[in-house]
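*Asks:* I have a structure I would like to understand better, so I am pasting it below and will then ask my questions one at a time.
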Amino acid sequence: MRGQLDVTHTYMIDRIHTSQVEADAGSVAIAGHVHEIRDLGGLVFLIVRDREGLIQVVFKEEREPELFEAVQDVGSEDVVRIVGEPVESDQAPGGVEIAPTEYEVIDEADSPLPLEISKDVDVDLSTRLDNRALDLRKPEVLSVFTLRSELMTAMEEWFEAEEFVDIKTPRISKGGAEGGAELFPILYYDKDAFLSQSPQLYKQMLMAAGYEAVYENGTAFRAEDFATSRHVSEIAMFDVELAYIEDHHDVMDVQEESLRHALRAAAENAERELDVLDVDLQVPEEDFPRITFDEALDILETEYGHFPDDPTDLDTKGEKLLGEYFEEQGHPAFFVVGYPDEKFYYMQDVEGDDVASRKFDLIYKGQELSSGGQREHDVERMVEVMEEQGVETANFEFYIEALSFGTPPHGGYGLGIDRLVQKVAELDNIKEAIMFPRDPNRLEP
Ligand code: AMO
């Protein structure tokens, strides 16, 4: 963790965190949820949980009869505050236990609990998500989100240090850049509108406007009808755009360095979380390999006899196999560059290029994490591509116009944060990386 949340302000309930409790340091106050209760006759062990961990409190009938009597009514997940003397104990988690001198139940929890918090019982993901507010209490789930917070803080830190401007683009739009079928329609007063699929058009308009380098830590909505472990309907997207680039390699450099910085920060500052999650996070210190799309197809064919169904894209299996191929060579992350038949905003068919487009994907641990590339800043050329592709230019007039008043060469990418967290925390399903995920069948909690 980035340091302890300071819970000792005078206006807060008097307590310290469980992780700050030291044996023989004099009386302390702690507060948290009752994680576990063990009743051994004349002895009651309470394991109390706060954001920083667990601590054992031992109530002895002989030693503190009144508190012992009071604790008989305690229930799992009650919120309690305990004052007492920390003493060394080999059997206690963390090697310290508290002998209580004060005990107070701040709030009682209803019982029975619909979901076990402390016991490692195998519950399917759907039940966990139905009871997400309770599921989020589990130390291993909390660790996912403190790790996520660490990654995002470090990511933003990198872009701030590099003087990128933090932007916010609209979540409500008249159309989308990524494909009509994936738009969520909404009623906007008396007009039809959509939830934003991506800040794509806006970040490019900001390049035309001279903002030079921007990032947006935002949300994107995709109405894909999926049932996979890597798709959700509401995604956390980290978008980046920068101008005056030579080519798409400058964009990949930014992505590579910022991701390495975030992973390093997680490895250093989220040690406890990684430990709880049993993850050995290896930071890819070497340059990420950059292979062309054709080279990717070659590897799949010669090494695995695999041919993606769509010859212009890599399929899930193809990404996974390429992931294994590069992982064996010590590269968990690599770029695939030059996808054919790309969206109109990517620069394509450039004379002298050995690739069909300047579009790349970043693949990390066998899964696509981001798409990006150099954009077409020559508006006439872009409109030609739009027409070739049958894109209705009338829907993009504000964008075409914005780019027609002088636009520097630029490029960028969109990084799927939920997928990043899924891969770093080694979670089976992307939904485990999201506090309250949305999919075609889930609108609550
Ligand atoms: P793209 O559509 O590839 O590119 O999205 C970028 C990244 O966002 C994540 N992502 C998703 N994650 C979970 N569930 C989904 N349904 C989902 N859809 C996308 C992925 C993906 O790599 N405008 C371009 C980016 C750019 O060129 O700047 C775009 O949105 O990790």
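The values are calculated or read from the model by the stated rules, or taken from the named source; none is laboratory data. None of the values given here were measured: they were computed from a predicted structure. Cβ sites come from the backbone with ideal geometry, for glycine too, and all protein chains shown count toward neighbours. Keep in mind that these areas ignore ligands, DNA and RNA; they rest on the heavy atoms of the full protein, side chains included. Shrake-Rupley method; radii C 1.70, N 1.55, O 1.52, S 1.80 Å.
*Asks:* With +1 assigned to the C-beta of every Lys and Arg and -1 to the C-beta of every Asp and Glu, and no other charges, what is the dipole magnitude of the stretch 18-107 about the Cα centre in debye, to the nearest 20?
*Replies:* Details: 6 positive and 21 negative charges, 41 e Å.
It works out to roughly 200 debye.
*Asks:* Related question: Given a 1.4 angstrom probe, what's the average accessible area per residue across the stretch 305-376, in square angstrom?
*Replies:* Details: 2850 Å² over 72 residues.
Accessible surface, normalised per residue, equals 40 Å².
*Asks:* Calculate the length of the line joining the C-alpha centroid of the stretch 156-233 to that of the stretch 345-403, in whole Å.
*Replies:* If you average the Cα positions of each part, the centres end up 16 Å apart.
*Asks:* Taking the solvent-accessible surface of protein heavy atoms with a 1.4 Å probe, what is the per residue accessible area of the stretch 1-128 in Å²? Could you put the intermediate results ahead of the total?
*Replies:* On the way: 7260 Å² over 128 residues.
Result: 57 Å² per residue.
*Asks:* With N residues in the stretch 1-159, what two-decimal value do you get for its Cα radius of gyration over 2.2 N^0.38 Å? Walk me through the intermediate numbers first.
*Replies:* Working: Rg = 16.9 Å, N = 159, 2.2 N^0.38 = 15.1 Å.
For the stretch 1-159, the normalised Cα radius of gyration is 1.12.
*Asks:* Now for a different question. Scan the chain and note any complete DSSP helix (H) whose C-alpha atoms cover at least 30 Å along its axis and whose Kyte-Doolittle average is -1.0 or more. Each step should come with its number before you reach the end.
*Replies:* Working: long enough: 139-161 (32 Å, 0.23); 248-269 (31 Å, -0.85).
Membrane-span-like by this rule: 139-161, 248-269.
*Asks:* Can you tell me which of 282, 389, 329 moves the most in a GNM of the chain? Springs connect C-alpha atoms under 10 Å apart.
*Replies:* The residue with the greatest mean-square fluctuation here is 329.
*Asks:* Express in whole angstrom the spacing between the alpha-carbon centres of the stretch 260-318 and the stretch 1-72.
*Replies:* Distance between centres, Cα-based: 43 Å.
*Asks:* Considering only the other residues whose Cβ falls under 13 Å of the Cβ of residue 394, what net charge follows from Lys and Arg at +1 and Asp and Glu at -1? Working shown, then result.
*Replies:* Details: positive: 174; negative: 387, 392, 397, 401.
Value of the local net charge: -3.
*Asks:* If you don't mind, another one. How large is the accessible surface of residue 419 in square angstrom, using a 1.4 angstrom probe and rounding to the nearest 10?
*Replies:* 30
*Asks:* Please name which of 188, 118, 151 has its Cα lying farthest along the dipole of the chain towards the positive end, using unit charges on Cβ (Lys, Arg +1; Asp, Glu -1) and the Cα centre as origin.
*Replies:* The residue sitting most towards the positive pole is 188.
*Asks:* Here is a follow-up. Just read off the accessible area of residue 432 with the full protein assembly in place, 1.4 Å probe, to the nearest 10 Å².
*Replies:* Per-residue accessible area (residue 432): approximately 30 Å².
*Asks:* Moving to a separate point now. Restricting to Cα atoms and excluding each atom paired with itself, what does the Kirkwood estimate give for the chain in Å? Numbers along the way, then the final one.
*Replies:* Numbers: mean 1/r = 0.0403 Å⁻¹.
It is 24.8 Å.
*Asks:* For the chain, which whole-number percentage of the solvent-accessible area (1.4 Å probe, protein heavy atoms only) is attributable to carbon and sulfur atoms?
*Replies:* On the way: 9970 of 21750 Å².
On the chain, the fraction of accessible area on carbon and sulfur atoms equals 46 percent.
*Asks:* Could you sort 302, 10 by accessible area so the largest value comes first, with the probe set to 1.4 Å?
*Replies:* On the way: 302 110, 10 140 Å².
Heavy-atom accessible area, descending, gives 10, 302.
*Asks:* Considering only protein heavy atoms, what is the solvent-accessible area of residue 130 at a probe of 1.4 Å, reported in Å² to the nearest 10?
*Replies:* About 90 Å², ignoring ligands and nucleic acids.
*Asks:* Now for a separate question. Give the Cα extents of the stretch 18-107 along the principal axes, in whole Å, largest first.
*Replies:* Sorted from largest, the Cα extents of the stretch 18-107 read 27, 26, 20 Å.
*Asks:* Using heavy-atom solvent-accessible surface (probe 1.4 Å) with all chains present, what is the largest-first order of 191, 174, 138?
*Replies:* Details: 191 125, 174 180, 138 20 Å².
Greatest to least solvent exposure: 174, 191, 138.
*Asks:* Between residue 19 and residue 165, how high is the FRET efficiency from 1/(1 + (r/R0)^6) when r is the Cβ-Cβ distance and R₀ = 35 Å? Nearest 0.05. Can you show the working numbers first?
*Replies:* Details: r = 37 Å, r/R0 = 1.06.
It comes out at approximately 0.40.
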